[in-house]
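Below you'll find the structure, written out as structure tokens, and then a few comments.
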Amino acid sequence: MLADSLAHSMTQTPRKARSFTTPPGTDQALPLLAEIATAPCPFAPATPRQPLALYGAGKLGQLARDFLTSVGLDFVMAIDRNARQLAEEPAWTGVPLLQPDEVDDVAKRETRLAVSVVTTPYVPLERSLAELGFADIVPFFDLAESFRHIHPLSNGWFAPPLTAEDRENTRRTIVCTKNLQSPCMVFFICVFFSF
């Protein structure tokens, strides 16, 4: 079932993350590929709703601000743990820029928070924001995806399922690189040449 982060039940669909200390070898990569290829995606593009705030006022936050302006979607504030420093930048003139602990509890519960940060993994950040009381948290690009009919911005998170040919080409790439010595090279080749 595809679901926006806030489904009809008003409970957030949790995201999961998996990390590896080293890139997976062939023995791990092939089962991971099968898992990815067959797992249903519980997420869909996030619908815009008000009030809306951005979390992250760095370069991606500025891109998100410009994007929202171009599609005619207002946001009420930007939130960043470095708000005091970033407030001095001309890019944020006229925008309320707050640190997370400066946002009141009502706003934390009622505001859709679009995360526009790429310098930290999303899932731990989402969890820490939820622990601070933010109730409706979505990745910015999930929100941007709902505007594809009027704006081309996308990061490719929403793609059609892998075809049998896609899976076979990826499998062959993984197998042919198993004898290479560099795990980084294996990862690069698998990602770059598989699609």
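For the range 151-178, how many residues meet the condition of being part of a loop (DSSP other than H, G, I, E, B) and either polar (S, T, N, Q) or within 23 Å of THR38 (Cβ to Cβ) (or both)?
Number satisfying all stated conditions: 12.
Just checking, how many residues over the range 33-48 are assigned to a loop (DSSP other than H, G, I, E, B) and either more than 22 Å from LEU143 (Cα to Cα) or of a type outside the set (Ser, Thr, Tyr) (or both)?
The number of residues fulfilling the criteria is 8.
Of everything in the range 14-26 that's loosely packed, with under 10 Cβ neighbours inside 10 Å and among the charged types (D, E, K, R), which residue is farthest from ARG127 (Cα to Cα)?
Only one residue fits best here, namely ARG18.
How about the range 61-91: which of its residues are out of contact with any Asp or Glu (no Cβ under 9 Å at 6 or more places or on another chain) and buried (at least 18 other Cβ atoms within 10 Å of the Cβ)?
Listed by number, the residues that qualify are ALA64, ARG65, PHE67, PHE75, MET77, ALA78, ASP80.
Residues in the range 160-186 that are at pLDDT 60 or above, in contact with a Ser or Thr (Cβ under 7 Å, 6 or more places away or on another chain) and crowded, with 17+ Cβ neighbours inside 10 Å: how many?
3
Name the helices (runs of 4 or more DSSP H) wholly within the range 90-150 that hold at least 2 residues that are of a type in the set (Lys, Arg)?
Correct list: 105-110.
With within 9 Å of the chain's Cα centre (by Cα), of a type in the set (A, V, I, L, M, F, W, C) and surrounded by fewer than 17 Cβ atoms within 10 Å (Cβ to Cβ) as the only criterion, which of VAL106, VAL118, VAL138 stands out?
VAL118
The values are calculated or read from the model by the stated rules, or taken from the named source; none is laboratory data. The structure presented is a predicted model; accordingly, all values stated were derived computationally and were not measured. All Cβ positions, glycine included, derive from the backbone under ideal geometry; neighbour counts span all protein chains shown.
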